[in-house]
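Accompanying notes for the structure given below.
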Ligand SMILES: Cc1cc2nc3c(=O)[nH]c(=O)nc-3n(C[C@H](O)[C@H](O)[C@H](O)COP(=O)(O)OP(=O)(O)OC[C@H]3O[C@@H](n4cnc5c(N)ncnc54)[C@H](O)[C@@H]3O)c2cc1C
C-alpha cells in the first residue's frame, strides 16, 4: 500500500449522477477532487452494470434541468444539440391523473426526453473537464481511513487488484442504494442513523421502439399515473436517437410482463391508449428489461448526536425515492447546490452536521410528495397524519378538476416538477377553482 499526501483533497465514492454532481460542487472549494467509480465507463451511451436502473425510463424534472443549467451553463442547449427532444410539460404531454385526462395548456415547464445514460455521460464529460477533478474508473472504495475523530482518506482497490490508501480531508459517499456507509461507520464505532422505509414493491419494465410519425400525434410523451384501485403506470416518451421509450410499471403486486402480448394486455384497460398504440404498431429496437424497486428509504443522519467529521452521504445512499415520481436525479442536483453553498458560506467547518441538517430540510418536500402519493394506497404501510384524509380528499377533487381547468393542471405539474411546494395547491385561489370545476 502506498499513501498519497493531501492538501484540500476530497474523495467521492461513486461516479454516477450524485457523485459527479457532488464533485462539481466540491471543485469550487477543494484544491483537488477525485471521484472513484467501480465500473469502467462504456464507450457508447449505454447503461452500465453499476447503474442497472439506467436501462429504465428516467424523467428529468424541470427543477433538475434548471439546476443542471446552473451548475453547467449551457447544459440544456447541449441536450438539444445532442438530439434530446423537449417540449412543454403540459401542452406537449398528455397526463392522466386518477384516470382523468389533464386539460392542455402551456405551462412554461420544459420537459425532456433524455435517457439516463445520455444525461450521465453529459454530466461526466463536464465534470471530467474541470481542471481540479479526476474521475477514476475501475476503482472501488473498500473502506475509510479514520484518524482522531475525522475521516483521513479512503482505501481504494483497482481492477488490477492494486490497493492504495488515498489521503483526503473529506469523503463523500455517493455509492447509491448499495452504499456501505453504515457498515463503515459501525467499523469505526460511530452511531448509524435510523431510517424510514415506505414499501410499494414497484416493478418497472422498459423497452425502446423506433419512432413513428403517426404515433403520439407529435406530442413529446404521455403518462398514465397509478392511483388506488389502478396500481399500474404507463409512460411513452420520445428520446434522443429517434426512439420511443415505453415504461410499464406496477405496484403492490402488479407486475408488467415482458412479452409483446402481455405488455399490450397490461395497458389495454388504462385511461390513455398511447402506450398500447406504440406497443401494437412500433418496431422494437431492444428487449424489454425488468427491474424491481421494493421500497423508498430515507436515512436520518441529521438525527445523529455524533458525526464522523469529514464524511458525507449524498444521492440515493442518503435518500432513495419511489422512481414513479422521477425525483432522484433532480434531488441529487439540489444536494450539489446545497453542498456548494454550505462550503462557500463556512468552508469545511462542522460540515457533516451542517450538511445533514440542511439536506434533511431539502429532502422533506420531495419525500413527503412521494410518500404522500404512496400512502394514498391503503395497502401501503406508513404513518398517516390526522389531516391526511382531508387533504387527500381535496387532492382527489383537484386531480379530477384538472381535467376541466388547465390552470389546475399547471399548478399540479409545478409541484410534481419540484418548482413549487405542495402547499401551493392549498391556496384559496386554487381551492375556489377546484370547487368551480367540480360544479361544472
Ligand atoms: C427503476 C428506477 C427508475 C428511476 N427513475 C428515475 C427518474 O425517472 N428520474 C430520476 O430523477 N431518478 C430516477 N431514478 C433514480 C436515479 O436513478 C438516481 O437517483 C440517480 O441515479 C442518482 O443516484 P446515485 O448517483 O446516488 O446512485 P447510483 O446511480 O445508484 O450510482 C451509484 C454509483 O456508485 C458506484 N459504486 C458503488 N459502490 C462503489 C464503491 N464502493 N466504490 C466505487 N464506486 C462505487 C456504482 O458503480 C454506481 O456508479 C430511478 C431509479 C430506479 C431504480
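What follows draws every value from the coordinates through simple rules; no lab data is involved. Please read all numbers here as calculations on a predicted model, not as lab measurements. Here the Cβ is made from the backbone with ideal geometry for all residues, glycine too, and neighbour counts use every protein chain on show.
Taking the highest mean first, how do the peptides 351-357, 301-307, 398-404, 113-119 order by number of other beta carbon atoms within 10 angstrom per residue?
Per-residue mean Cβ counts within 10 Å order the peptides as 113-119, 398-404, 351-357, 301-307.
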When 9, 31 are arranged by how many other beta-carbons sit within 10 Å of their Cβ, fewest first, they go 31, 9
If each part is reduced to its alpha-carbon centroid, the stretch 1-79 and the stretch 313-338 end up apart, in Å, by 13 Å
Considering the stretch 284-358, what Rg and Dmax in Å follow from its alpha-carbon atoms?
-> 16.0, 53
What distance in nm separates the simple spin-label points at residue 43 and residue 192, each placed 7 Å from Cα in the Cβ direction?
-> 4.1 nm
Rel. contact order, % - alpha carbon contacts under 8 angstrom, at least six apart, the stretch 388-439 | 40 percent
Helix-only mean residue ellipticity at 222 nm for the chain, each DSSP H run of n ≥ 4 adding -39500 (n - 2.57), per residue, nearest 500 | -10000 deg cm²/dmol
Between residue 164 and residue 28, the FRET efficiency computed from the C-beta separation at R0 = 35 Å comes out, to the nearest 0.05, as 0.85
The stretch 388-439, Kirkwood Rh and Cα Rg, ratio Rg/Rh at 0.93
Between the modelled labels at residue 436 and residue 265 (7 Å from Cα along Cα→Cβ) the distance in nm is 4.7 nm
Percent relative contact order for the stretch 198-294, counting Cα pairs under 8 Å at least six residues apart, stands at 42 percent
Could you work out the Kirkwood radius for the chain, taking every pair of different alpha carbons, averaging 1/r and inverting it, reported in Å?
-> 22.7 Å
Identify which of 409, 310, 214 has the largest mean-square fluctuation in a Gaussian network model of the chain, with springs joining Cα atoms closer than 10 Å.
-> 214
Cα gyration tensor shape of the stretch 164-214, rounded if a/c is under 1.5, else prolate or oblate by comparing a/b with b/c = oblate
For 72, 377, what ranking results if the residue with the fewest other Cβ atoms within 10 Å of its Cβ goes first?
-> 377, 72
What percent does the relative contact order of the chain come to when contacts are Cα pairs within less than 8 Å and at least six residues apart?
-> 21 percent
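Residue separation times 0.36 nm, minus the C-alpha to C-alpha distance between residue 349 and residue 377: what's the value?
Net length gain for the segment: 5.7 nm.
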